[in-house]
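Just below is one structure, and these are the notes that go with it.
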Amino acid sequence: MNVRLRSIILFSVMITAFAGVSAAGDSYPQFSYDLGAASGISNVGAFVEIQAGLNTHFLTWLTWRNSGFYRIQSESDDFFGLDTSLLAGHRFSVGERSSLRPQAGVGYRFTSIAEHAPFAEAGIVFHSGSFTVGANLKYLFYDLVDQPRGNELIYGINASGRMRGTF
């Protein structure tokens, strides 16, 4: 078994173990959804993305986010895909039922045009009751995987509600 595969298996086992331990005492995992829009400029022109995400909160500070998107571009064909990422953050209380949560993480983008790439992202989310609104930046590293598309910076906003559940 190669080192990369072993690392992925070990990481998966650790996440599963953390989620299992947390679920027993803190009612985790929890789920949330979000809808959003993002924009940016790439070497093929300006674009807008519409996004729908499903988030699995393993711990108060650890979230696995999966977000489908559709990109509308000005200079080339539109495309769609999936962003999957692991985010870490900390929630700071700013009132009885409100909080701010800065978060950051890494992930991978899969697209319908086979221009996949790793990315890093960071943002801040404001929670009030069961409603949230957030702003984030995402940097796609196309150069790391030798794609013809140049690296991209995407900035976006999203709004969400919360649903709770366990596995």
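The values are calculated or read from the model by the stated rules, or taken from the named source; none is laboratory data. Remember, predicted model here, so these are calculated numbers, not experimental data. Quick reminder, even Gly has a Cβ in these numbers, built from the backbone with ideal geometry, and neighbours come from all protein chains shown.
The table that follows gives values for the structure above.
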{"read-out": "Single residue of Ala38, Ala114, Ala46 found to be out of contact with any strand residue (DSSP E or B) (no Cβ under 8 Å at 6 or more places or on another chain) and within 30 Å of Gly150 (Cα to Cα)", "value": "Ala114"}
{"read-out": "Total residues in region 83-132, condition within 14 Å of the chain's Cα centre (by Cα) and of a type in the set (Val, Ile, Thr)", "value": "4"}
{"read-out": "Breaking point among (1) farther than 19 Å from Asn151 by Cβ; (2) surrounded by 14 or more Cβ atoms within 10 Å (Cβ to Cβ), for Arg97", "value": "(2)"}
{"read-out": "Test: residue in region 109-132 that is in contact (Cβ under 8 Å) with a residue 60 or more places away in the chain, surrounded by fewer than 19 Cβ atoms within 10 Å (Cβ to Cβ) and in contact with a helix residue (DSSP H, G or I) (Cβ under 8 Å, 6 or more places away or on another chain)", "value": "no"}
{"read-out": "Which numbered condition Gly150 misses (of (1) farther than 19 Å from Gly53 by Cα; (2) within 19 Å of the chain's Cα centre (by Cα))", "value": "(2)"}
{"read-out": "Some residue of region 138-150 being assigned to a loop (DSSP other than H, G, I, E, B), among the small types (Gly, Ala, Ser) and on the phi > 0 side of the Ramachandran plot", "value": "no"}
{"read-out": "Flag if Glu75 is touching a strand residue (DSSP E or B) at 6+ places or on another chain (Cβ under 6 Å) and in a strand (DSSP E or B)", "value": "no"}
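Per-residue answers, yes or no, for (1) of a type outside the set (A, V, I, L, M, F, W, C); (2) within 18 Å of Ala52 (Cα to Cα):
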| residue | (1), (2) |
| --- | --- |
| Thr84 | yes, yes |
| Arg97 | yes, no |
| Ala122 | no, yes |
| Gly134 | yes, yes |
| Phe141 | no, no |
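Condition check ((1) exposed (fewer than 11 other Cβ atoms within 10 Å of the Cβ); (2) at pLDDT below 85; (3) part of a strand (DSSP E or B)) across all residues:
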{"position": "Met1", "(1), (2), (3)": "yes, yes, no"}
{"position": "Phe18", "(1), (2), (3)": "no, yes, no"}
{"position": "Val21", "(1), (2), (3)": "no, yes, no"}
{"position": "Tyr28", "(1), (2), (3)": "no, no, no"}
{"position": "Phe31", "(1), (2), (3)": "no, no, yes"}
{"position": "Thr56", "(1), (2), (3)": "no, no, yes"}
{"position": "Arg71", "(1), (2), (3)": "no, no, yes"}
